1. Suppose every Lys and Arg Cβ carries +1 and every Asp and Glu Cβ carries -1, with no other charges. What dipole size does segment 100-259 come out with about its Cα centre, to the nearest 20 debye?
2. Which whole-Hz ³J(HN,Hα) couplings does segment 214-229 yield from phi under the Karplus relation 6.51 cos²θ - 1.76 cosθ + 1.60, θ = phi - 60°, glycine and proline marked x?
3. Could you give the longest part of the chain that holds none of the GluC sites (Glu not before Pro) found in DSSP loops with at most 15 neighbouring Cβ atoms within 10 Å?
4. Calculate the length of the line joining the C-alpha centroid of segment 50-81 to that of segment 193-246, in whole Å.
5. Here are labelled values, [x] 50, 48, 41; [y] 47, 45, 42; [z] 67, 47, 32, and one is the computed Cα extents along the principal axes in Å for what I pasted. Which one?
6. Would you please give the FRET efficiency between H55 and E154, computed as 1/(1 + (r/R0)^6) with r the Cβ-Cβ distance and R0 = 25 Å, to the nearest 0.05?
7. For C198, what accessible surface area do you get with a 1.4 Å probe? Give it in Å², rounded to 10.
8. Out of residues 5 or more away from L236 or on other chains, whose amide H comes under 5 Å of its own, with H placed 1.01 Å from N in the peptide plane?
Amino acid sequence: MPATLTPSTTAPIKITDEQKKLYREQGFFLLERVLPPEHLELVRDEAKYYMDRIHAEMDEKKTDVIGINHRNKRYFIANRYKETGRLTPYMFSDYMAEICRATLGENAYLFHEQYVIKAAEKGLKFSWHQDSGYVGYPHKEYLSCWVALDDMTEANGTVYMLPYDRAGGKDLITHKKDEELNDMVGYFGSDPGVPIICPAGSIAVFSSLCFHRSGANTTANMRRVHLAQYSAEPILNKEGTAVKVFADPILKDGKRVGL
């Protein structure tokens, strides 16, 4: 049975006016070392738990590939937090609520969550895209919190952000599918972007309209990230008949709430 879903009470963080301005005008900002040590270890432990489950399933099916998960290469583990409930104190924490309040406003909902893990010396790169480019139909922009579970460097495939003024604006661009990697690609220019170099426990905060990419992991260690995404209103499916993924509230009328 999943654990009872209740939010944690952790020391709030301060989002500066300059960071709010960066988010509005350039699409992103960085918060260094904001995860409490116990939350960092919690999210790492859950990553190992789900990787072990995927490996067991691969063993059972006698394969090294399930969906877009490739054994010892890359892992995308999405929207499974309710299976154990252990990520709830982190995703519904005071600091995540403050990030949502500073970027989305008085109301916010958990929309989507996933691990993105690149294995040692084999992790693949990812092409320039807007997260909204993967939704595929009109919706209100949402917030991505890219949480570094390891120290992030260019060598291990950190994320690169493309500021709005260098991308040519913040409009949602029609993406094209890369037939080799199956990535959706929306920027084809030569700008290399701004690398996010940060210690573990940091959060790159960016809009779903901000272009970003990541490099390959060329180091001897895994590069682990958890992505928690929040929306100012429930994001529905294309037909408008049901919630697309989640619509679990973290803020209502400016106040933090739990499940």
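1. Details: 17 positive and 19 negative charges, 43 e Å.
Rounded to the nearest 20 debye, it is 200 debye.
2. After applying 6.51 cos²θ - 1.76 cosθ + 1.60, I find 9, x, 7, 8, 9, 8, 8, 10, 5, 10, 10, 9, 10, 10, 10, 10 Hz.
3. Free of exposed loop sites, the longest segment is 33-105.
4. 20
5. This structure yields the entry labelled [x].
6. Numbers: r = 29 Å, r/R0 = 1.15.
Efficiency for this residue pair is about 0.30.
7. That residue has around 10 Å² of solvent-accessible surface.
8. K244
The values are calculated or read from the model by the stated rules, or taken from the named source; none is laboratory data. On a predicted model such as this, the values are computed, not experimentally measured, just so you know. Reconstructed Cβ throughout: ideal geometry from the backbone, glycine too, with neighbour counts over all protein chains shown. Just the protein is used for accessible areas: all its heavy atoms, side chains included, with ligands, DNA and RNA removed. Shrake-Rupley method; radii C 1.70, N 1.55, O 1.52, S 1.80 Å.
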